[in-house]
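The values are calculated or read from the model by the stated rules, or taken from the named source; none is laboratory data. Keep in mind the model is a prediction, meaning the values are calculated, not measured. When we count neighbours, we look across all protein chains shown, and the Cβ atoms used for this are built from the backbone with ideal geometry, even at glycine. Note: accessible area is taken over every heavy atom of the protein model, side chains too, but ligands, DNA and RNA are not part of it. Shrake-Rupley method; radii C 1.70, N 1.55, O 1.52, S 1.80 Å.
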Amino acid sequence: MKLTTRTLMGFFAVIGMTVGLLGALGWRYATRRLVVIDNPPPTTPGSKGFMFTFDTLNTVAGPRWWPGLLLLPATGIVIATAVGLLCWFTLRSKSAAWATWLTLATTAVLTGAGVAIATLLLTQERRPAVLVRIGEKASAVGPSETPLTDGQWDREWTPIGLWFPVVGILSALLVTAALCGAYRLTQRH
């Protein structure tokens, strides 16, 4: 499959934007939340946390869509374009089909990993938070091993540092394969 530079640039933009949007969705919905208790009950000195019963528990989920919804797709486009053009200019003297495939595969892998790292950095700086408001009839029932610092505790989920890059790379490869398939179909007609 021989692609023009213009078509490759379109591929790079679509790969970067799609993976960036997936990163924004991952930041919004798949990252671990910082749980903030609006009105924590008093704890005994030296305890690591508390357990409580509640009558109503209201949560307000975050984070806001800005800046991730624009920042991550823009990051993806920049990474995909820079990596793709670098690979393409390095391999363009080769007329073999593998040069195009190597360019697209390298672009997909590095874009997926780059957007995943950008998502992780955004996650660390602007953690999605859930605000918990405990009802008036709630009562503290005793100390817990859950760490508590300034009315906040960190609920660990899966290690996103490992699976965000894997999901980013696989997503970028799938988008690249879909674009290549669609391009081939349009060239046959």
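Taking (1) open to solvent by 70 Å² or more (accessible area, probe 1.4 Å); (2) modelled with pLDDT under 80; (3) of a type in the set (A, V, I, L, M, F, W, C) in turn, VAL36 satisfies each apart from (1). Contact map, the stretch 89-106: first residue under 12 Å from THR5 (Cβ atoms) and in a helix (DSSP H, G or I), second residue open to solvent by 50 Å² or more (accessible area, probe 1.4 Å) and at pLDDT below 85, Cβ cut-off under 7 Å, separation 6 or more or different chains; pairs are THR100/LYS2. Would the stretch 55-77 turn up any residue that is open to solvent by less than 80 Å² (accessible area, probe 1.4 Å), farther than 16 Å from LEU25 by Cα and at pLDDT 90 or above? Yes, because at least one residue in the stretch 55-77 is open to solvent by less than 80 Å² (accessible area, probe 1.4 Å), farther than 16 Å from LEU25 by Cα and at pLDDT 90 or above. Annotation: of all residues in the stretch 19-33 being within 21 Å of VAL109 (Cβ to Cβ) and open to solvent by less than 40 Å² (accessible area, probe 1.4 Å), the one that is modelled with the lowest pLDDT is ALA30. Select from the stretch 148-173 the residues that are modelled with pLDDT of 85 or more and surrounded by fewer than 17 Cβ atoms within 10 Å (Cβ to Cβ) and write down the one among them that is farthest from VAL19 (Cα to Cα). My answer is VAL166.
Scanning the stretch 1-17 for residues that are open to solvent by 40 Å² or more (accessible area, probe 1.4 Å) and within 21 Å of the chain's Cα centre (by Cα), we see that the one that is nearest to ALA105 (Cα to Cα) is VAL14. For the stretch 125-141, check the following and say yes or no: at least one residue is open to solvent by less than 20 Å² (accessible area, probe 1.4 Å) and modelled with pLDDT of 75 or more. Scanning the stretch 125-141, I find no residue that is open to solvent by less than 20 Å² (accessible area, probe 1.4 Å) and modelled with pLDDT of 75 or more, so the answer is no.
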